[in-house]
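Visitor: For reference, the structure I am asking about is given below.
The values are calculated or read from the model by the stated rules, or taken from the named source; none is laboratory data. Owing to the predicted nature of the structure, the values given are computational and were not obtained by experimental measurement. Cβ sites come from the backbone with ideal geometry, for glycine too, and all protein chains shown count toward neighbours.
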Amino acid sequence: MIRSTSGHHTPDGWRISALGEVVDLHKGQVTPASYPKQQFWHFSIPAYDKETQPVLEMGREIGSNKFTVPIDSVLLSKLNPRIPRVWMPVVEERHRAIASTEFIVLRPKSTDRRFLKHLLQSPSIRSELGARATGTTGSHQRVRVPDVLDIRVRVPPLPEQRKIAAILSSVDDAIEKTQAVIDQVRVVKRGLMQELLMRGLPGRHTRFKQTEIGEIPEEWELVRLGQIFKLTSGKGIAVRSLDENGSVENPYPVFGGNGIAGFTSCFNAEPPLLVVGRVGEYCGTVHRPVEPCWVSDNALYTRNWVRPVNVRFLGSLLQLIDLTRLRKKSGQPLVTQAPIHNLIVPLPSVPEQDEMADLLDQVDARLDAEQQKLDGLCNAKSALMSVLLTGEMRVTPDPKAA
């Protein structure tokens, strides 16, 4: 049962405590290199960011001291706290678990472990961590352990903690399942793209020819991308002037090196159009805007079309080719026009391009539907966290948990 209360006072039965009063700080460390033949489950920042799964590594492969990870712990990253890295490790008995010293290892005391995880993920705690972070740049800020333990938190009775944790965890389960569907559909789409863009539509072609890029249908051409379009750099725009979410006054998306950077009041490019990130971590990534937009000088775009082509088909082809491999190896990540123009690609007839694009659009429609579902679940969780973890909305614990 859920019931509403006022969000402006401490709910009956709840208490306000420093985080350090409801957790113990675990400081135990180990030097994995001292056990070169032993395997460790390594909970690291890169492993969290990649798949939220620890990596099994030999002790000889790990070069520095690490925290040991107790079975009842929760890990909180002190690096760049604006990124909500909170880990509730599943620890096996067969291999020792260790964590990067960029994590703070917390052990709940008289606090439900799942509740603690959700509490540390809550917008209010994230805001507190961000406000307490220090560092010279936004990408290398850290929060001090004493400052974390000093954060004031609202703590309900243990049975209510468990009920809140169960509700939020059920939403997490739905989020995880939806993300798994999205990941699988992406795998299917890539396999379909590979088949379509090298072999053509199923059953359409019976004769193939060997080319410098592999076997393709005999009727297809090999062309350089520069024979299809000419790329040009966009124009600079003041980042500070951009609207973060878009509005009636600023409806046009601004594409930079890493995708959409914000929204503005005017545009300098319109469909049919492809945009390629020019500089930055995601340079080489291809976007296909479906509305007028502003392309900044951190991106390239197809200003001139040399020959007829289905832009939806071409966008899929460039995604499969992966233009990120054309990045310059030294200095700032950068992609320029010349290597893109010189790439050789297979090109079917425009009618076949149209059919391929329609088929891939069906897969994209499924992806869009699942992404909307995922966004809805994430928004629902955020809304639930804001009322359940503050006591603005109370829950009745299950009788067995009381």
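Visitor: Take L323 and decide whether it is modelled with pLDDT under 95 and either under 30 Å from I16 (Cα atoms) or among the hydrophobic types (A, V, I, L, M, F, W, C) (or both).
Guide: Details: modelled with pLDDT under 95: yes; either under 30 Å from I16 (Cα atoms) or among the hydrophobic types (A, V, I, L, M, F, W, C) (or both): yes.
When the stated conditions are applied, L323 passes them.
Visitor: What number of residues within segment 282-322 satisfy the criterion of being part of a strand (DSSP E or B) and among the basic types (K, R)?
Guide: Result for segment 282-322: 1.
Visitor: Go through (1) in contact (Cβ under 8 Å) with a residue 40 or more places away in the chain; (2) buried (at least 20 other Cβ atoms within 10 Å of the Cβ) one by one and return the number of the condition P289 breaks.
Guide: Among (1) in contact (Cβ under 8 Å) with a residue 40 or more places away in the chain; (2) buried (at least 20 other Cβ atoms within 10 Å of the Cβ), P289 violates only (1).
Visitor: Of everything in segment 136-181 that's within 21 Å of the chain's Cα centre (by Cα) and among the charged types (D, E, K, R), which residue is farthest from T111 (Cα to Cα)?
Guide: Here the residue is K177.
Visitor: Okay, next question. Just wondering, is there one or more residues in segment 164-181 that are touching a helix residue (DSSP H, G or I) at 6+ places or on another chain (Cβ under 8 Å) and within 30 Å of A299 (Cβ to Cβ)?
Guide: Within segment 164-181 (the criterion being touching a helix residue (DSSP H, G or I) at 6+ places or on another chain (Cβ under 8 Å) and within 30 Å of A299 (Cβ to Cβ)), the answer is yes, since at least one residue qualifies.
Visitor: Still on this structure, please answer the following. Does S64 meet the test of being under 19 Å from D172 (Cβ atoms), among the hydroxyl-bearing types (S, T, Y) and either touching a strand residue (DSSP E or B) at 6+ places or on another chain (Cβ under 7 Å) or at pLDDT 90 or above (or both)?
Guide: no
Visitor: Further question: Of a type outside the set (V, I, T) and either surrounded by 15 or more Cβ atoms within 10 Å (Cβ to Cβ) or touching a Pro at 6+ places or on another chain (Cβ under 9 Å) (or both): is that true of E218 in this structure?
Guide: Values: of a type outside the set (V, I, T): yes; either surrounded by 15 or more Cβ atoms within 10 Å (Cβ to Cβ) or touching a Pro at 6+ places or on another chain (Cβ under 9 Å) (or both): no.
No; evaluated as a whole, the condition is false for this residue.
Visitor: Conditions: (1) at pLDDT 95 or above; (2) within 23 Å of W220 (Cβ to Cβ). V295 meets all but one. Number of the miss?
Guide: Evaluating V295 over (1) at pLDDT 95 or above; (2) within 23 Å of W220 (Cβ to Cβ) leaves (2) as the failure.
Visitor: In addition: Condition test on V335, is it in contact with a Phe, Trp or Tyr (Cβ under 7 Å, 6 or more places away or on another chain), among the β-branched types (V, I, T) and either in contact (Cβ under 8 Å) with a residue 40 or more places away in the chain or surrounded by 13 or more Cβ atoms within 10 Å (Cβ to Cβ) (or both)?
Guide: Numbers: in contact with a Phe, Trp or Tyr (Cβ under 7 Å, 6 or more places away or on another chain): no; among the β-branched types (V, I, T): yes; either in contact (Cβ under 8 Å) with a residue 40 or more places away in the chain or surrounded by 13 or more Cβ atoms within 10 Å (Cβ to Cβ) (or both): yes.
Judged against the criteria, V335 is not a match.
Visitor: Here's something else I'd like to know. Of everything in segment 256-265 that's modelled with pLDDT under 95 and of a type in the set (A, V, I, L, M, F, W, C), which residue is farthest from H287 (Cα to Cα)?
Guide: Once the filter is applied, the top-ranked residue is A261.
Visitor: Read through the list (1) closer than 23 Å to Q337 by Cβ; (2) in contact with a Pro (Cβ under 9 Å, 6 or more places away or on another chain); (3) in the same structural domain as K329 (by TED's automatic domain parsing); (4) surrounded by fewer than 16 Cβ atoms within 10 Å (Cβ to Cβ), then give the number of the only condition that I213 fails.
Guide: (3)
Visitor: I'm checking my understanding of the structure. Among residues of segment 283-328 that are among the small types (G, A, S) and touching a helix residue (DSSP H, G or I) at 6+ places or on another chain (Cβ under 9 Å), which one is nearest to G234 (Cα to Cα)?
Guide: Filtering first and then ranking leaves S296.
Visitor: Can I ask one more? Got a sec? Which of T101, T111 is at negative phi, buried (at least 20 other Cβ atoms within 10 Å of the Cβ) and part of a loop (DSSP other than H, G, I, E, B)?
Guide: Values: T101 fails: buried (at least 20 other Cβ atoms within 10 Å of the Cβ).
Exactly one residue qualifies, and that residue is T111.
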